[in-house]
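A.B. asks: Would you mind keeping the following structure in view while I ask a few things?
The values are calculated or read from the model by the stated rules, or taken from the named source; none is laboratory data. A quick note: this is a predicted structure, and the numbers were derived from the prediction, not measured. Note that each Cβ is placed from the backbone with ideal geometry, even for glycine, and that neighbours are counted across all protein chains shown. Keep in mind that these areas ignore ligands, DNA and RNA; they rest on the heavy atoms of the full protein, side chains included. Shrake-Rupley method; radii C 1.70, N 1.55, O 1.52, S 1.80 Å.
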Amino acid sequence: VMMWQTELMVRQSPVLDAAEGFVRKVKPFVRFYERETAAYTLLRGIPYIEEECPHADGSKQLYYKDLVNKMEEEHPGIKLAFYVGFLNAKEKGAFSGLPEAGKGLELKPCPNCGQPTTNDGLCAFCRTVTA
């Protein structure tokens, strides 16, 4: 959203339809804050990784995340209000007619993990892990 990559914004949803041969993805915690999700995992005894990705050093994503978290500190609820507003705008057709990133690309299962990829070989995650 910060960079107005509308072709990526079109795909954002709590429920992602399945490509042929793959399962539909659902994000049940999409309206929870990171701290709430962490508290849930602790209470339920679910292990999770606390560290940031070692490849994220210098990422603009971390910078934007920090900015939005600072806004949330000063104006509690602003993150959720923004996200709900985004979903409402999308539902009302704000992004209809825009091209969708990756539309028309053939998805195949990664030979290592089975996750969808457009690559003929390993998916980006498996290539990173095995490198």
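A.B. asks: Cβ-Cβ under 6 Å, sequence separation 6+ or interchain: first residue in the range 1-26 and of a type in the set (Val, Ile, Thr), partner modelled with pLDDT under 85 and surrounded by 13 or more Cβ atoms within 10 Å (Cβ to Cβ). Which pairs?
C.D. replies: So the pair list comes out as Val10/Phe95; Val10/Glu100.
A.B. asks: On the given criteria, is Ala38 hydrophobic (A, V, I, L, M, F, W, C) and either modelled with pLDDT under 90 or under 22 Å from Gln5 (Cβ atoms) (or both)?
C.D. replies: On the way: hydrophobic (A, V, I, L, M, F, W, C): yes; either modelled with pLDDT under 90 or under 22 Å from Gln5 (Cβ atoms) (or both): no.
So Ala38 does not fit the description; no.
A.B. asks: State all residues of the range 44-55 that are surrounded by 11 or more Cβ atoms within 10 Å (Cβ to Cβ) and either in contact with a helix residue (DSSP H, G or I) (Cβ under 7 Å, 6 or more places away or on another chain) or of a type in the set (Asp, Glu) (or both); if no residue qualifies, say none. Outline the logic, then answer.
C.D. replies: Residues of the range 44-55 surrounded by 11 or more Cβ atoms within 10 Å (Cβ to Cβ): 52-53.
Selection gives Glu52 alone.
A.B. asks: Still on this model: Going by the structure shown, is Cys110 surrounded by 10 or more Cβ atoms within 10 Å (Cβ to Cβ) and either without any contact (Cβ under 8 Å) to a residue 12 or more places away in the chain or of a type in the set (Val, Ile, Thr) (or both)?
C.D. replies: Details: surrounded by 10 or more Cβ atoms within 10 Å (Cβ to Cβ): yes; either without any contact (Cβ under 8 Å) to a residue 12 or more places away in the chain or of a type in the set (Val, Ile, Thr) (or both): no.
It is false that Cys110 is surrounded by 10 or more Cβ atoms within 10 Å (Cβ to Cβ) and either without any contact (Cβ under 8 Å) to a residue 12 or more places away in the chain or of a type in the set (Val, Ile, Thr) (or both).
A.B. asks: Let me ask something else about it. Could you please give the count of residues in the range 29-38 that are open to solvent by less than 50 Å² (accessible area, probe 1.4 Å) and over 11 Å from the mean Cα position of the chain (by Cα)?
C.D. replies: Adding up the residues that qualify gives 2.
A.B. asks: Could you identify the single residue in Val68, Val84, Val26 that is in contact with a Leu (Cβ under 9 Å, 6 or more places away or on another chain), open to solvent by less than 100 Å² (accessible area, probe 1.4 Å) and modelled with pLDDT of 90 or more?
C.D. replies: Working: Val68 fails: in contact with a Leu (Cβ under 9 Å, 6 or more places away or on another chain); Val84 fails: in contact with a Leu (Cβ under 9 Å, 6 or more places away or on another chain).
Of the residues listed, the single one that is in contact with a Leu (Cβ under 9 Å, 6 or more places away or on another chain), open to solvent by less than 100 Å² (accessible area, probe 1.4 Å) and modelled with pLDDT of 90 or more is Val26.
A.B. asks: Looking at (1) in contact (Cβ under 8 Å) with a residue 12 or more places away in the chain; (2) open to solvent by less than 50 Å² (accessible area, probe 1.4 Å), which is the one condition that is false for Gly77?
C.D. replies: Gly77 satisfies every listed condition except (1).
A.B. asks: Could you identify the single residue in Ala89, Ala19 that is over 22 Å from Thr117 (Cα atoms), open to solvent by less than 100 Å² (accessible area, probe 1.4 Å) and among the aliphatic types (A, V, I, L, M)?
C.D. replies: Details: Ala19 fails: over 22 Å from Thr117 (Cα atoms).
Result of the check over Ala89, Ala19: Ala89.
A.B. asks: Just one of (1) open to solvent by 100 Å² or more (accessible area, probe 1.4 Å); (2) of a type in the set (S, T, N, Q); (3) modelled with pLDDT of 90 or more trips up Gln61, so point out which.
C.D. replies: Unmet for Gln61, out of (1) open to solvent by 100 Å² or more (accessible area, probe 1.4 Å); (2) of a type in the set (S, T, N, Q); (3) modelled with pLDDT of 90 or more: (3).
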